[in-house]
Amino acid sequence: MSVSAVMNEAPPPHPFSRRFRGFLPVVVDVETGGFDARRDALLEIAAVLVEMDDGGRLSRGATCSYHVQPFAGANIEEDALEVNGIDPWHPLRPAIPERDALQRVFREVREALRRYDCNRAILVGHNSFFDLGFINAAVARSDIKRNPFHPFSSFDTATLGGVALGQTVLARAVEALNLPWDASAAHSASYDAEKTADLFCEIVNRFQPLYLENLRSA
């Protein structure tokens, strides 16, 4: 083989691109003004990137988090605000329009997709259908054409926690792994997303031997 052919040969894809069939897991948590994704306000969004080391083990990466301005005509339930502690109209709250928040998050996700040679992001969340529903509704409202997330598939850590640990509540699943949990910080999008990322990575890492055995027998 000539020197020029060697130089032009493409490097092999990153192992992360094979781990989940070309999907890149990105942990997302949202804080909202209620349970109806089409009607209720998106108030916070946090996304945590997942990293892979040379041995194929996952770990929590960088977090991007934004306070979000309620969209025009959004409904906000007082009961929801009592849980998440958000004052949407506080003058010092650094909120930005939801289109801007989504675009900033998506920019970081697309960069990670390129870095790991993955085709598309897949949302990881605790009761992930809830977070994915609010993301999809905000994308539709904002008329964003390039959403890096799969529109309906997701990884649910409530399910994973139930299978691996017998725990479906985020706090209890995290504590079952002997990881720290600060109840006073819960219901912040960034905190909950980071703890969900820790839970997801630890469970995936514990199943790594089974995954490698499957590769060898394939």
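Just so you know, all these numbers are worked out from the coordinates, no wet-lab data involved. Just so you know, these numbers come straight off a predicted model, no measurement behind them. Because the Cβ atoms are built from the backbone with ideal geometry, glycine has one as well, and the counts that use them run over all protein chains shown.
Give the shape of region 108-151 as rounded, prolate or oblate, defined through the alpha-carbon gyration tensor: a ≥ b ≥ c are the square roots of its eigenvalues, a/c under 1.5 means rounded, and otherwise the shape is prolate if a/b is larger than b/c and oblate if not. Cα axes put region 108-151 in the oblate bin. Here each label is just a point 7 Å from Cα along the line to Cβ, and for F207 and R114 those points are 3.1 nm apart. With R₀ fixed at 22 Å, the C-beta to C-beta distance from V83 to R38 puts the FRET efficiency at about 0.65.
The angle between the Cα long axis of helix 98-115 and the longest principal axis of the Cα atoms of the chain comes to about 10 degrees, rounded to the nearest 10.
Once the Cβ-Cβ distance between H14 and L179 is put in as r, and R0 is 30 Å, what FRET efficiency do you end up with, to the nearest 0.05?
Rounded to the nearest 0.05, the efficiency is 0.65.
For Cα Rg over 2.2 N^0.38 Å, pick the label among (1) 0.96; (2) 1.11; (3) 1.04 that corresponds to the value derived from the coordinates. Read-out from the structure maps to (2). According to the Kirkwood relation over distinct C-alpha pairs, the hydrodynamic radius of region 154-198 is 10.6 Å. In vacuum, with every alpha carbon of region 57-99 counted as one equal point scatterer, what does the Debye formula give for log10 I(q)/I(0) at q = 0.19, 0.27, 0.31 Å⁻¹? Two decimals, please. The Cα Debye sum returns log10 ratios of -0.71, -1.10, -1.24. Each Lys or Arg adds one and each Asp or Glu subtracts one; over the other residues with Cβ under 12 Å from the Cβ of R39, this totals -1.
Mean residue ellipticity at 222 nm, helices only, the chain: -13000 deg cm²/dmol; runs of at least 4 DSSP H residues each add -39,500 (n - 2.57), and the sum is divided by the number of residues. Sorting 27-38, 159-170 by their mean Cβ neighbour count within 10 Å, with the most densely packed peptide first, gives 27-38, 159-170. If both residues of a DSSP beta bridge must be in region 1-147, then about 65% of such bridges are antiparallel. Of the peptides 99-111, 204-216, 172-184, the order by per-residue mean of other Cβ atoms within 10 Å, starting with the highest, comes out as 99-111, 172-184, 204-216. Here each label is just a point 7 Å from Cα along the line to Cβ, and for A186 and R107 those points are 3.4 nm apart. Shape of region 23-102 from its Cα gyration tensor (a ≥ b ≥ c, root eigenvalues): rounded if a/c is under 1.5, otherwise prolate when a/b > b/c, or oblate? Prolate is the answer for region 23-102, as a/c is 1.5 or above and a/b outweighs b/c.
With respect to the chain, whose longest principal axis is taken over its alpha-carbon atoms, helix 128-142 is tilted by about 80°.
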